[in-house]
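**Q** Handing you a structure now.
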């Protein structure tokens, strides 16, 4: 009689003590090498514990430098310390319109409304009504703000929220997270003058700092002696080569551990890591592409899979294909955003009759997904 298929998959040599320590949403109790950034964020938000309005904050830095985990860590600590604040995390990949964000805020404040059948102004009114009944100051984290900006939704949304501050006398705290340090310059001038956030820059982790982070996670995630010492160094070096992205390093350990268990091997080795490197990079791109804005997908589709195209030539193609009429300067910000997402590679050349020309090419890992 055939046994259960899951019984056959039982682990002879489990390597994980608790793999949840390697999950992307996990917020650890210790955050190595981010003391300064944590202190700055605490200082900006501390007024709320005294019944005052917190500072708005902008966290900027490359992917995987700890912006999101620091924000969640500090806000959880704030909630434990004081009942005067509660936070809402908004992922702007998922909620990328003014209406969807206002609906989410209203639901968070205890006045549930549907995303359909209600206008954005009605959703804003619902937020205002809900604020009259809450006894805490909401702190809203806007992660990946670029998505709201590029869809032209950010300025209207922040104008709504800042108007609440000014006219309804209700307190809000705003924490903005972006990989692009210049993203706020694309907001409406009225919004920028009212938002005035405290900016905290997150520098890329060094190889040694990545090792420290991985060791901290690994000691809780794996059984003792279940991972080769060199594996930590190799994962850290790989992530450092990709710009100091700690998320990639941590995911590599998770996938390598699962591969070792699948093969019923006693240790996570360097060989396991090398096998998962390429799949993790490719999947990261595959996950990102569906969430790109329409104009970003169009730009990627117009870049040749092999070779390069000048920025000016790409702009001409875009202008012919797109219903969105924009300036060449605005177009350059779109291209720069895709470069920051590691989907495009841009370089200047002195060739050509016009002299210095910006050339654009697809990154190799993005070619299979456009």
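**Q** Taking a label point 7 Å from the Cα of residue 206 along the Cα→Cβ vector, which residues of segment 44-66 have an amide N closer than 11 Å to it?
**A** none
**Q** Shape call for segment 205-288 from the C-alpha gyration tensor, a ≥ b ≥ c root eigenvalues: rounded (a/c under 1.5), prolate (a/b greater than b/c) or oblate?
**A** Details: a/c = 1.93, a/b = 1.17, b/c = 1.64.
The shape class here is oblate.
**Q** By how many nm would the segment from residue 29 to residue 330 lengthen if fully extended, with 0.36 nm per residue of separation less the alpha-carbon distance?
**A** On the way: separation 301, 0.36 × 301 = 108.36 nm, distance 4.17 nm.
Net length gain for the segment: 104.2 nm.
**Q** Which distance in nm do the two modelled labels at residue 278 and residue 114 give, with both placed 7 Å along the Cα-to-Cβ direction?
**A** 4.9
**Q** If the viscosity is 1.567 mPa s and the temperature 4 °C, what translational diffusion coefficient in µm²/s does Stokes-Einstein give for segment 35-202 when Rh comes from Kirkwood over Cα pairs? Walk me through the numbers on the way to the answer.
**A** Details: Rh = 16.0 Å.
The diffusion coefficient I find is 81 µm²/s.
**Q** Right, something else. Report the label-to-label distance for residue 301 and residue 4 in nanometres (one decimal), using points 7 Å from each Cα along the Cα→Cβ vector.
**A** 4.7
**Q** What number does segment 110-215 give for Rg over Rh if you use C-alpha atoms and the Kirkwood radius? Working shown, then result.
**A** Working: Rg = 17.1 Å, Rh = 16.1 Å.
Rounded to two decimals, Rg over Rh is 1.06.
**Q** Right, something else. Express in nm, to one decimal, how much length is gained between residue 219 and residue 199 on full extension, taking 0.36 nm for each residue of separation and deducting their alpha carbon distance.
**A** Working: separation 20, 0.36 × 20 = 7.20 nm, distance 3.32 nm.
Computed gain between residue 219 and residue 199 is 3.9 nm.
**Q** On average over all directions, what projected area in square nanometres does the chain have, based on the convex hull of its Cα atoms?
**A** On the way: hull surface 95.4 nm².
Quarter of the Cα hull surface area: 23.8 nm².
**Q** Follow-up. From the square roots a ≥ b ≥ c of the eigenvalues of the alpha-carbon gyration tensor of segment 155-276, which class results: rounded (a/c under 1.5), prolate (a/b over b/c), or oblate? Mind showing how you got there, number by number?
**A** Numbers: a/c = 3.66, a/b = 2.90, b/c = 1.26.
Judged from the Cα gyration tensor, segment 155-276 comes out prolate (a/c at least 1.5, a/b above b/c).
**Q** In addition: Taking the Cβ of each residue in 146, 342, 35, 212 as the centre, tally the other Cβ atoms inside 10 Å and list the residues starting with the fewest.
**A** Numbers: 146 23, 342 20, 35 9, 212 15.
Taking fewest neighbouring Cβ atoms as first place, the list is 35, 212, 342, 146.
**Q** Let me ask another. With a point put 7 Å past each Cα toward its Cβ, work out how far residue 348 is from residue 323 in nm, to one decimal.
**A** Placing both labels 7 Å beyond Cα along the Cβ direction yields 3.7 nm.
**Q** So in the chain, what percent of DSSP beta bridges are antiparallel if you round to the nearest 5?
**A** Antiparallel bridges: around 30 percent, rounded to the nearest 5.
**Q** Now for a different question. Between rounded, prolate and oblate, where does segment 74-117 land on the alpha carbon gyration tensor, with a ≥ b ≥ c its root eigenvalues, rounded for a/c under 1.5, else prolate if a/b exceeds b/c? Write down the numbers at each step before the final one.
**A** Numbers: a/c = 4.53, a/b = 1.82, b/c = 2.49.
Oblate, since a/c reaches 1.5 and b/c is not below a/b.
**Q** I would also like to ask the following. Nearest 0.05, what FRET efficiency do residue 263 and residue 125 give at R0 = 56 Å with Cβ-Cβ as r? Don't skip to the end; give the middle numbers.
**A** On the way: r = 58 Å, r/R0 = 1.03.
After rounding, the FRET efficiency stands at 0.45.
**Q** So the label point goes 7 Å from the Cα of residue 163 along Cα→C-beta, right? Which residues of segment 193-234 then have their backbone N under 19 Å from it?
**A** 193-196
**Q** When the distances between all Cα atoms of segment 6-81 are binned every 10 Å from zero, what whole-number percent does each bin get?
**A** 15, 39, 23, 13, 8, 3
**Q** Report the gain in length on full extension from residue 358 to residue 36: 0.36 nm times residue separation, minus Cα-Cα distance, nm rounded to one decimal.
**A** On the way: separation 322, 0.36 × 322 = 115.92 nm, distance 3.71 nm.
My answer for the length gained is 112.2 nm.
Here, each number is a calculation from the coordinates, and none is a lab measurement. Because the structure is a prediction, the values reported are computed rather than measured. Using ideal geometry, Cβ is built from the backbone for each residue, glycine included, and neighbour counts are taken over all protein chains shown.
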